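Structure record follows, encoded as structure tokens.
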Amino acid sequence: MSLIDAARRVREAAYAPYSGFKVGAAVRGASGAIYAGCNVENVAYPEGTCAEAGAIAAMVAAGETEITEVCVIAGSARPTPPCGGCRQKLAEFARGETPVLLATVDGETLATTVAELLPGRFEVGHMG
């Protein structure tokens with residue numbers, strides 16, 4: 001299964017009864033395995049979780065900590081980038097040059113990288 005197929009499939013499982021905005025994300029770990037996540041809303045907004053966070057959590061739960069590729073798909077008019085928090089989460093586990101494919105369910109895509117999504121990212125070196 002391709003990364004975009006995994007993201008598209010998991011998007012259908014999203015729990016978005018309040019916004020109706022379903023999002024699916026898939027990340028590829030260094031092993032080549034694909035991990036997927038979908039957004040899960042909660043009536044006590046903002047206590048829901050983003051699709052990207054779910055995919056990252058699945059990857060970490062499986063014992064991996066390096067993302068080599070990302071795909072995010074949403075039912076939007078244009079490819080929708082991750083929120084600021086998820087950009088930082090992706091940056092925690094991916095290199096700046098890691099490819100990110102943003103897609104719509106209608107087939108429009110935008111190729112970018114983690115560094116393009118989050119220039120000037122906060123890193124462990126800033127804590128020293």
For segment 1-14, which residues satisfy the criterion of being open to solvent by 50 Å² or more (accessible area, probe 1.4 Å) and either assigned to a helix (DSSP H, G or I) or among the aliphatic types (A, V, I, L, M) (or both)? 1, 5, 8, 9, 13
Can you tell me which condition residue 32 does not meet? The list is (1) over 15 Å from the mean Cα position of the chain (by Cα); (2) within 15 Å of residue 6 (Cβ to Cβ); (3) not in a loop (DSSP other than H, G, I, E, B), and all the others hold. (3)
Being open to solvent by less than 60 Å² (accessible area, probe 1.4 Å) and over 12 Å from the mean Cα position of the chain (by Cα) is the filter; apply it to segment 91-100 and report the residue that is nearest to residue 51 (Cα to Cα). 98
Cβ-Cβ distance below 9 Å, separation of 6 or more or different chains: which pairs start in segment 105-128 with a residue that is closer than 17 Å to residue 76 by Cβ and touching a residue at least 40 places away in the same chain (Cβ under 8 Å) and end on one that is open to solvent by 80 Å² or more (accessible area, probe 1.4 Å) and not polar (S, T, N, Q)? 105/8
Consider only pairs whose beta carbons are under 7 Å apart and that are at least six residues apart or on different chains; among these, list those whose first residue lies in segment 60-73 and is touching a residue at least 12 places away in the same chain (Cβ under 8 Å) and under 14 Å from residue 91 (Cβ atoms) and whose second residue is open to solvent by 70 Å² or more (accessible area, probe 1.4 Å) and among the small types (Gly, Ala, Ser). none
Does residue 34 count as touching a helix residue (DSSP H, G or I) at 6+ places or on another chain (Cβ under 7 Å) and in contact (Cβ under 8 Å) with a residue 40 or more places away in the chain? no
Quick check: is even one residue across segment 104-118 under 18 Å from residue 14 (Cα atoms), of a type in the set (Val, Ile, Thr) and out of contact with any Leu (no Cβ under 7 Å at 6 or more places or on another chain)? yes
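I'd like to verify a number: residues in segment 35-46 that are surrounded by 13 or more Cβ atoms within 10 Å (Cβ to Cβ) and part of a loop (DSSP other than H, G, I, E, B), how many? Even if it seems obvious, please write down each step before you answer.
Step one: of segment 35-46, the residues surrounded by 13 or more Cβ atoms within 10 Å (Cβ to Cβ) are 35-41.
Adding the requirement that they be part of a loop (DSSP other than H, G, I, E, B) leaves 39, 41.
Adding up the residues that qualify gives 2.
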Quick check, is residue 17 part of a loop (DSSP other than H, G, I, E, B), farther than 21 Å from residue 95 by Cα and modelled with pLDDT of 95 or more? yes
Just to check your reading of the model, which residue among 80, 65 is of a type outside the set (Asp, Glu) and either assigned to a strand (DSSP E or B) or buried (at least 16 other Cβ atoms within 10 Å of the Cβ) (or both)? 80
Residue count, segment 101-128 (criterion: surrounded by 10 or more Cβ atoms within 10 Å (Cβ to Cβ) and part of a helix (DSSP H, G or I)): 4
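The values are calculated or read from the model by the stated rules, or taken from the named source; none is laboratory data. These numbers were taken from a predicted model, which means no experiment stands behind them. Ideal geometry is used to build each Cβ from the backbone, glycine not excepted, and the neighbour counts take in all protein chains shown. These accessible areas exclude ligands, DNA and RNA; they are computed on the full protein's heavy atoms, side chains included. Shrake-Rupley method; radii C 1.70, N 1.55, O 1.52, S 1.80 Å.
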